[in-house]
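One structure below.
The values are calculated or read from the model by the stated rules, or taken from the named source; none is laboratory data. All values reported here derive from a predicted model rather than from experimental measurement. As a convention, Cβ positions derive from the backbone with ideal geometry for all residues, glycine included, and neighbour counts pool all protein chains shown.
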Amino acid sequence: MELLAVLVLISLVTALIWTTISISFKHTEVETTKLQLQQEANLVITKLQAAHRKGECYDISISDNNISVKACEGTEVLLRHTSDQFRYGPSLEENIEPKEEDLKLPDFTIESIKDHKKLKVPTIISRYKNEG
């Protein structure tokens with residue numbers, strides 16, 4: 001009888017330990033994905049800021065897993081960012097004149113392809129405007 005009680009107690013303790021470990025792993029996985037999305041957003045926005053401050057005029061294109069910024073005149077590529085881990089949205093094809101207008105991406109979203117988690121990053125990128 002005592003042996004049975006000891007086995008039951010050991011089983012309960014083992015089950016409690018495995019449950020705790022399982023919850024910890026799931027929480028770590030969720031936080032890792034969230035951190036990866038935030039890091040990707042920071043990288044993309046930093047690259048967009050650099051392109052916005054560099055040129056006089058550019059065409060921006062956002063589609064699925066590709067973001068590109070090309071100078072209006074000529075063929076100079078200011079930014080080409082492609083990912084096999086993330087999707088970007090919403091799709092956008094726009095001409096921007098940074099000295100006259102801001103780059104507004106109020107619904108900019110990054111989605112993890114692996115687990116379909118999304119991060120919405122409303123973004124406005126500006127630069128010093130010419131007056132008159």
Among residues of the stretch 49-59 being modelled with pLDDT under 90 and not in a helix (DSSP H, G or I), the residue surrounded by the most Cβ atoms within 10 Å (Cβ to Cβ) is G55
Number of positions in the stretch 84-116 that are of a type outside the set (K, R), under 27 Å from R127 (Cα atoms) and not in a strand (DSSP E or B): 10
Read through the list (1) out of contact with any helix residue (DSSP H, G or I) (no Cβ under 9 Å at 6 or more places or on another chain); (2) touching a residue at least 40 places away in the same chain (Cβ under 8 Å), then give the number of the only condition that S112 fails. (1)
Output the number of residues of the stretch 78-109 satisfying the condition of being of a type outside the set (D, E) and surrounded by 14 or more Cβ atoms within 10 Å (Cβ to Cβ). 16
Checking I62 against (1) among the hydrophobic types (A, V, I, L, M, F, W, C); (2) out of contact with any Pro (no Cβ under 8 Å at 6 or more places or on another chain); (3) at pLDDT 90 or above, only one condition comes out false. Which one? (2)
Quick check on I124: is it outside any helix (DSSP H, G or I) and touching a Leu at 6+ places or on another chain (Cβ under 6 Å)? no
Going through T75, T28, T46, T33 one at a time, which residue ends up being out of contact with any Leu (no Cβ under 7 Å at 6 or more places or on another chain), loosely packed, with under 14 Cβ neighbours inside 10 Å and closer than 18 Å to K114 by Cβ? T28
